[in-house]
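The values are calculated or read from the model by the stated rules, or taken from the named source; none is laboratory data. Computed from a predicted model, the values in this text were never measured in an experiment. No Cβ is skipped: glycine too gets one built from the backbone with ideal geometry, and neighbour counts run over all protein chains shown. The protein model used for the area step is the full one, side chains on, heavy atoms only, and it has no ligands, DNA or RNA in it. Shrake-Rupley method; radii C 1.70, N 1.55, O 1.52, S 1.80 Å.
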Amino acid sequence: MEVRVQLFGFGNVGRAVARVLLEKEHFFREKHGLSFRVVSVSDTSGTVWLPEGIDLREALLVKENFGRLSAWTNDYEVYNFPPLDAVKEIEADVVIDVTNDGNAHVWHLEALKGGKAVVTSNKPPLAFHYSELLGESERRGRPYLFEATVMAGTPIIGILRENLLADSVKRIRAVLNATTTFILTRMEQGIDFEGALKQAQELGIAERDPSGDVMGIDAGYKATILHCVAFKPITFDQISVKGIVGVTVDEVKRALAKGRRIRLVATVEDGNVTVAPEEVMGPLAVSTNENVALIESDLLGKLLIKGAGAGLKETASGVVSDLVKASLRLREG
């Protein structure tokens, strides 16, 4: 089965997705009977659209050499479609969104209404519009998949949505932001918050504007999504979030002296979500780019999920796995 794909976002994650589609082309055909034809790729400079399929190797070369798809004028026409128009105009089976577009729910809904499946790593659409998006997905009978929004490719969403169907989840406790873990780990070595943040930025672990991480917003989006999946839909506005900005080296050292570590912890219970720095020990005391979640349920008891919570290959794993899943569901009708 051939699947026509629209890819929105051609930054680091979008290019990682493209590389997986190229490198594992035979694997997808052999194992799943699927071949993927990418009919459009969009970045902030424009949309390259070719119904017969875009040469992803060439797309990667153009982006890496010139920094923008709009430089690809020799072989392809570049369109200045807003995403909503691209979704309406271009025929495809699956829309992939790996952008940071805070208003992407508008074109996700349009894609679903147009009979397309949607796969996304973009958190705000789900953190603010989960009920609307999943309702539309159900009405249209089209998959809406978002594994890579929480813990990159570590399949916590799949476990909650598809595997724990007999269980009532009681609580989830999780460390969901690798940047804050890096900063707090450096602070354990005596470096102050500003110095640790600067190191994280120099290594590419923290963004130039790190507020989404250090203020707890990123972890808050993820915790909101976990609540929507494990319990019922809520929005980010309904949760309590406190970041790590006020944490001092003294506090970190005092926790260490007690055999504990301060981490930014999300606690997700039915109707109640908090994100805040806490002293923890045991499995939540991670010290690398790993994320960890402890799910407590009535039948299974405690389930520990641990894996990379960041990284290009890891995020691409979640996105492309969802692409395969969506395609198989479309094939089943």
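Residue-by-condition table, conditions (1) open to solvent by less than 20 Å² (accessible area, probe 1.4 Å); (2) of a type in the set (Asp, Glu):
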{"residue": "Ile191", "(1), (2)": "no, no"}
{"residue": "Glu194", "(1), (2)": "no, yes"}
{"residue": "Gln201", "(1), (2)": "no, no"}
{"residue": "Gly204", "(1), (2)": "no, no"}
{"residue": "Asp209", "(1), (2)": "no, yes"}
{"residue": "Val214", "(1), (2)": "yes, no"}
{"residue": "Ile217", "(1), (2)": "no, no"}
{"residue": "Pro233", "(1), (2)": "no, no"}
### Query
For the range 249-259, which residues satisfy the criterion of being open to solvent by 60 Å² or more (accessible area, probe 1.4 Å) and either at pLDDT below 95 or not in a helix (DSSP H, G or I) (or both)?
Lys258
### Message
Report every pair of residues separated by at least 6 positions or lying on different chains whose Cβ atoms are under 8 Å apart, first residue within the range 214-235 and under 11 Å from Phe128 (Cβ atoms), second small (Gly, Ala, Ser).
### Response
Tyr221/Ala127; Thr224/Ala127; Ile225/Ala127; Cys228/Ser131; Pro233/Ser131; Ile234/Gly271; Thr235/Ala127
### Summary
All conditions in (1) open to solvent by 60 Å² or more (accessible area, probe 1.4 Å); (2) part of a helix (DSSP H, G or I); (3) not aromatic (Phe, Trp, Tyr) are true of Gly246 except (2)
### Query
Restricting to the range 236-247, what's the tally of residues that are over 25 Å from Leu134 (Cβ atoms) and free of Cβ contacts under 8 Å to residues at least 60 places away in the same chain?
3
### Query
Which members of the range 46-67 meet the condition of being assigned to a loop (DSSP other than H, G, I, E, B) and open to solvent by less than 30 Å² (accessible area, probe 1.4 Å)?
Gly53, Ile54
### Task
Spot the failing condition for Arg29; the list is (1) in contact with a strand residue (DSSP E or B) (Cβ under 7 Å, 6 or more places away or on another chain); (2) in contact (Cβ under 8 Å) with a residue 12 or more places away in the chain, and only one is missed.
(2)
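Let's see how each residue does on (1) in contact with a Pro (Cβ under 9 Å, 6 or more places away or on another chain); (2) more than 21 Å from Ala152 (Cα to Cα):
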| position | (1), (2) |
| --- | --- |
| Arg4 | yes, yes |
| Leu7 | no, no |
| His26 | no, yes |
| Glu30 | no, yes |
| Val41 | no, yes |
| Ser45 | no, yes |
| Leu50 | no, yes |
### Query
Of Arg29, Arg4, Arg19, which residue is basic (Lys, Arg) and touching a Gly at 6+ places or on another chain (Cβ under 9 Å)?
Arg4
## Note on the structure
Taking the range 23-45 and keeping only residues that are of a type in the set (S, T, N, Q) and surrounded by 16 or more Cβ atoms within 10 Å (Cβ to Cβ), one is left with Ser40, Ser42, Ser45
### Query
Within the bounds of the range 286-302, is there any residue that is under 17 Å from Ala152 (Cα atoms), without any contact (Cβ under 8 Å) to a residue 24 or more places away in the chain and open to solvent by 40 Å² or more (accessible area, probe 1.4 Å)?
no
